[in-house]
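Participant: Please find one structure pasted underneath; my questions will follow.
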Amino acid sequence: MDARVDLLAVGLTTIDITVHPVASLPEGETGQLVESIVLSPAGTAGGTALVAQKLGLRTAIASAVGDDPQGQLIRSMFDAAGVDTRLLSIDPDRPTSTTVLPIRPNGDRPNWHMMGASVFAPVTDAVFAALAHTAAVHWGGVGFPGAAGKGADLLRDARARGIFTSCDLIAPSDAAQADLDALLPHVDLFMPSLAEVHALAGTGDPVEGARRFMARGAGGCLVKMGGGGALLILPDRQIHAPAHRIDPIDTTSCGDSLCAGYIAGRARGLDPADALRFGVATAAQVALGVGTLGKLESHDGTTAFMRDTPVKEGPR
């Protein structure tokens, strides 16, 4: 890679097959009509890269797909969106990570997931070389066996170059917990959900949980709180951005889109408070539709949405 990128996203990349609405499974071999079936690249790396690109950043994805139709589709959709796929490798021995999500009318989102190539993707020399042309790195491969400890090395090298580093995870686990001990000292901003804070830090208090992650080395924490908005905890301050008053349709990719929105806001020179609000507005637009992008259209559209759409009142 010799062209400058604003964001390099590394880690989980899936194809999401989202069906909406699904009140129940059909009996026997009967069928049901639904309003939407949407296929989209997703995941802590794939979804973040796609959303950030939609917001006007130049993004690249470092991950792996299988040598199968799902992998071909992911690559073609990334290419069509403008995401740089030169670091998206093909694993001939594993399928593409794939998730099927039947979204219930009330917004619940059970899923079937097939673990695939991106979980086992190695961090290659080419990924390290890409740091020479990268402004920010988002690590979405916490606890993945393919990284083989290279995540901490990559983030360490990135910070040594003055690159902004962030980190998110797909789910709490013992492997993720152990990996965070190595990763967090090289992460400017850790971006867990409130449920992940509870599972990994042993507290339901987002501030206390953030402080525990910061004691393990993180520079700060952005805690995603769903209908409660988001909370940014930095060494010298705390910033809360309330959620917008919307009727959500599909919240599957809201966490990844909030990460992308914050990174995009920061890349465009917003201060932390405004970048956080921009991230929350990004997630709200994604929640208004089905799939990774939902109703998200552009950076300018997000700025207008943030300005014109009321937020919830009261305590978080």
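Values in this text are rule-based calculations from the coordinates and carry no lab data. This structure is a prediction, so every number in the text was calculated from the model and none was measured. Every residue, glycine as well, gets a Cβ built from its backbone with ideal geometry; the counts of neighbours run over all protein chains shown.
Participant: Quick one: if you stick a label point 7 Å off each Cα along the C-beta vector at residue 35 and residue 80, how many nm between them?
Facilitator: In this crude spin-label approximation the distance works out to 2.2 nm.
Participant: Moving to a separate point now. Treating only the Cβ of Lys, Arg, Asp and Glu as charged (+1, +1, -1, -1), what charge dipole size does segment 1-54 show about its Cα centre? Round to the nearest 20 debye.
Facilitator: Roughly 280 debye, rounded to the nearest 20.
Participant: On a C-alpha basis, how far is the centre of segment 89-148 from the centre of segment 276-309 in Å? Whole number, if you could?
Facilitator: A separation of 23 Å, based on Cα centres.
Participant: At a Förster distance of 51 Å, what's the computed FRET efficiency of residue 205 paired with residue 72, Cβ-Cβ distance as r, to 0.05?
Facilitator: Computed FRET efficiency for residue 205 and residue 72: 0.65.
Participant: Step through the residues of segment 149-157 one at a time and calculate ³J(HN,Hα) from phi using the Karplus curve (6.51 cos²θ - 1.76 cosθ + 1.60, θ = phi - 60°), rounding each to whole Hz and writing x for Gly and Pro.
Facilitator: Each residue of segment 149-157 in turn: x, 6, x, 4, 5, 5, 5, 4, 5 Hz.
Participant: Something else about it: What spacing in nm lies between the two simple spin-label points modelled at residue 312 and residue 109, each 7 Å away from Cα in the Cβ direction?
Facilitator: 1.6 nm
Participant: May I pose another question? With the dipole of segment 79-204 worked out from charges on the C-beta (+1 for Lys and Arg, -1 for Asp and Glu) around the Cα centre, which of 120, 144, 98 lies farthest toward the positive end?
Facilitator: Of the listed residues, the answer is 98.
Participant: I would also like to ask the following. For segment 149-182, list residues with backbone N below 15 Å from a point placed 7 Å from the Cα of residue 4 toward its Cβ?
Facilitator: Answer for segment 149-182: 162-164.
Participant: Let me ask something additional. Quick check on packing: order 102-115, 191-204, 21-34 by the mean number of other C-beta atoms within 10 Å, highest mean leading.
Facilitator: In decreasing order of mean packing, 102-115, 191-204, 21-34 become 191-204, 102-115, 21-34.
Participant: With +1 on the Cβ of every Lys and Arg and -1 on the Cβ of every Asp and Glu, and nothing else charged, how large is the dipole of the chain about its Cα centre, in debye rounded to the nearest 20?
Facilitator: In debye, rounded to 20, the chain gives about 840.
Participant: State to the nearest 20 debye the size of the charge dipole of segment 1-96 about its Cα centre, where the only charges are +1 on K and R beta carbons and -1 on D and E beta carbons.
Facilitator: So the dipole magnitude of segment 1-96 works out to roughly 460 debye.
Participant: Looking at the chain, how many pairs of lysines come closer than 22 Å at the Cα, when each pair is eight or more places apart or spans two chains?
Facilitator: Lysine pair count for the chain: 5.
Participant: Let me have the 222 nm mean residue ellipticity of the chain computed from DSSP H runs of 4+ only, each contributing -39500 (n - 2.57), with the sum over all residues rounded to the nearest 500.
Facilitator: Calculated mean residue ellipticity at 222 nm is -10000 deg cm²/dmol.
Participant: Separation between the residue 173 and residue 236 pseudo-spin-labels, each 7 Å from Cα along Cα→Cβ, expressed in nm?
Facilitator: Placing both labels 7 Å along Cα→Cβ, they lie 3.9 nm apart.
Participant: If we count every other residue with Cβ under 12 angstrom of residue 22's Cβ, Lys/Arg +1 and Asp/Glu -1, where does the sum land?
Facilitator: In short, -1.
Participant: Sorted by mean Cβ packing within 10 Å, highest first, what order do the peptides 209-219, 287-297 take?
Facilitator: The peptides rank, most packed first, as 287-297, 209-219.
Participant: Taking +1 at the Cβ of each Lys and Arg and -1 at the Cβ of each Asp and Glu, which of 107, 19, 50 sits farthest along the dipole of segment 1-144 towards its positive end, judged by Cα position relative to the Cα centre?
Facilitator: In segment 1-144, that residue is 50.
Participant: Along the positive direction of the dipole of the chain (beta-carbon charges: Lys, Arg +1; Asp, Glu -1; about the Cα centre), which of 258, 290, 76 reaches farthest?
Facilitator: About the Cα centre, the residue reaching furthest to the positive side is 258.
Participant: So if we plug the beta-carbon distance of residue 268 and residue 153 into 1/(1 + (r/R0)^6) with R0 = 30 Å, what FRET efficiency do we get, rounded to 0.05?
Facilitator: 0.55
Participant: Sticking with this structure for a sec: Only bridges with both residues in the chain count here: give the DSSP antiparallel percent, nearest 5.
Facilitator: Here the antiparallel bridges make up roughly 40 percent for the chain.
Participant: Now, a different point. When the Cα centres of segment 39-65 and segment 181-244 are compared, how far apart do they sit, in Å?
Facilitator: Result: 22 Å between the Cα centres.
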